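What follows is one structure encoded as C-alpha cells, with my remarks underneath.
Bear in mind these aren't lab numbers, they're just calculated from the coordinates by the rules spelled out. From a predicted model like this one, the values you see are computed outputs, not experimental measurements. Here the Cβ positions follow ideal geometry from the backbone for every residue, glycine too, while neighbour counts run over all protein chains shown.
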Amino acid sequence: MQVIEAINPLLLESRLFEDSAKGEQHARNIANSKFQKRKRNTTNEGLKIGQGGTLDPLADGVLVIGVNRGTKHLQRFLDCTKEYESIGILGATTTTMDAEGEMMSTCVSDSITREDVESVLDKFRGKIMQTPPIFSALKMDGKPLYEYAREGKPLPRAIPTRECEVSIELVDFKPAEVVPGDGGHTYRWPEKRLSPEETATFRKLDQMVSDAAGDAPAQPKLDFDSVVPEVSEKTGLRPATFTVRMTVSRGTYVRSIVHDIGLALGCGAHVVKLTRTRQGEFVLLSDEAALKAHDEAQAAAAAAPDIDDEEAAMNAGPSSSSSAQLGQNNQTIPCIPWEVFQRALKERTETIEAEKAEREEMVMAGASGDEINQKLGKKAILARRRQGDLKEWEVEVLRRFVPVSLPIVRDSKSRAAGLY
C-alpha cells in the first residue's frame with residue numbers, strides 16, 4: 001500500500017489513464033449517497049488501483065500493480081507460481097522467522113557446511129506439506145492465527161496443512177566477514193531479545209502448535225533453553241549464511257522454509273534478505289538486453305493482423321477467461337525499476353514547488369484571482385502537466401504494455417448483442 005500511495009499522484013496526473021467520462025460519472029456517483037460505499041475501491045478521482053500480491057516489510061522485488069481494468073486480472077498473479085531468492089543466517093530462530101522479529105533461541109552452528117545444507121534441501125523439494133506459522137493471517141473460526149498467538153489461547157483444532165510445490169537450489173554458502181572487504185557477509189543476528197516472560201509465552205505457543213498437530217508428522221522442536229553467543233567461543237567467527245533460490249506455488253510461506261531448513265540442520269535459521277524475482281511473466285530484470293528482446297516481441301505482435309477487442313471476446317466464448325489470455329504466450333516482461341518512479345516523484349515535487357513560486361509571483365504582481373485561477377487553477381495545472389513529451393516512467397510503462405481482451409459483462413446489453 002505504501003507503493004500504491006506513492007505512485008497514485010503520478011497515475012492521476014498521467015494522460016495514460018485519463019478517462020474524462022469515467023471521472024465525471026464518478027463525481028456524479030459520489031454525490032449520490034447510495035454510491036458512498038464504492039468510494040473505498042477508488043481514489044478521489046475515480047482511478048482504480050490494486051496489487052497482485054503483497055511483499056513482507058523485509059522483502060523487495062517484483063510487485064504487480066493493476067490500474068483501472070487491469071485490476072480485473074490481478075487474481076491470476078495471486079494464483080501463479082512465484083520465484084524468490086532468500087538469504088538465511090544460521091544459529092538463531094526468531095518470532096517472525098526473519099530479521100524483523102525477536103530472537104527465540106540460539107544454537108551452535110560452527111560445524112555446518114555447504115554440504116550439510118545441500119543434504120537437507122531434498123526434504124523441501126517437490127510437493128511438500130507445510131503448516132502455516134502461528135504468526136500468520138490465516139483464519140481459524142473467523143479469527144487470525146496471530147490473535148490466538150498474542151492472546152496465548154489454545155487453538156480450536158490443528159492448523160490445516162497445505163500442499164505446496166517447491167523447487168529449491170542452494171546458490172551460495174558464505175562465512176561471515178572477518179576483515180572489512182574480505183568477501184564475507186555482514187549480516188548479524190537481531191539485537192531484540194525475548195524477555196523471560198515472553199519466552200515462556202512462546203514456549204507455550206510452540207507446544208500449542210505441536211499439540212494441535214495431532215497425528216501429523218512431528219517437526220523438529222525449538223530449543224528455547226539453548227543460549228549461545230553470536231561470535232563462536234570456539235572459532236571466534238559469526239555464523240554463516242546460505243542463499244537459496246526457489247520457485248513456489250500459491251500460499252507457500254517462504255520464511256517458513258528457511259526456518260525449517262535451520263531446524264533440519266539442528267541449529268536454527270532465519271531470513272535476513274528476501275527478494276521476489278518473478279511473478280507470472282514479470283521478472284526482476286532491468287538490463288537493456290532483456291527489455292530490447294521484449295520490445296522486439298511486442299513489435300512482432302503489433303505486425304500481426306489486428307483483432308478487435310469485442311470480436312476477440314466473442315470468439316473466446318464463455319469458457320475462456322481474461323486471466324488465462326493475459327500472458328498466454330509465456331512472455332517475459334522486465335519490471336520497471338523503482339528508481340524510475342523515485343525520479344518521477346522527485347520531479348513532481350520540484351514541479352509543485354515551481355508552481356507555488358509562480359503563484360506567489362503573480363500575487364506580488366497584483367494579478368486577480370481569476371487570472372491566477374485561469375493559469376494555475378487545478379484544471380489548468382493538470383492540463384499543463386499532461387502536455388509535452390511523455391515522462392520517463394510513462395514511456396517505460398508503454399514499453400511493457402500487454403494488450404488483453406476485455407472481460408464480458410454479463411448483462412442484458414451484452415446478451416442482446418449475442419456476446420454470451
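Quick notes on this structure:
- Value of Rg to Rh for segment 82-279 (Rh from inverse mean 1/r over Cα pairs, i.e. Kirkwood): 0.96
- Footprinting exposure proxy for 14, 210, 86 (fewest neighbouring C-beta atoms within 10 Å first): 210, 14, 86
- For a label point 7 Å along the Cα-to-beta-carbon line of residue 60, residues of segment 76-115 with backbone N under 20 Å: 83-89, 98-101
- Ellipsoid equivalent to segment 135-243 - semi-axes via the Cα gyration tensor, in Å: 34, 20, 13
- Relative pair counts by distance (%), Cα atoms of segment 79-160, 5 Å bins: 3, 10, 15, 18, 20, 17, 11, 5, 1
- Sorted peptide list for 364-371, 120-127, 4-11, 91-98, criterion being average Cβ within 10 angstrom, highest first: 91-98, 4-11, 120-127, 364-371
- Cβ-derived FRET efficiency at R0 60 Å, residue 231 paired with residue 361, nearest 0.05: 0.45
- For segment 82-279, the share of DSSP beta bridges that are antiparallel, to the nearest 5, is 90%.
- Projected label distance in nm at residue 172 and residue 18, using a 7 Å step from Cα toward the beta-carbon: 4.6 nm
- Full-stretch length increase - residue 387, residue 68 - with 0.36 nm per residue and alpha-carbon distance subtracted: 112.6 nm
- Contour minus Cα-Cα distance for residue 413 and residue 372 (0.36 nm per residue): 10.1 nm
- Nearest-0.05 FRET efficiency for residue 198 and residue 395, computed from C-beta distance (R0 41 Å): 0.20
- Kirkwood hydrodynamic radius (C-alpha pairs) into Stokes-Einstein, segment 222-264, 10 °C and 1.306 mPa s, D in µm²/s: 121 µm²/s
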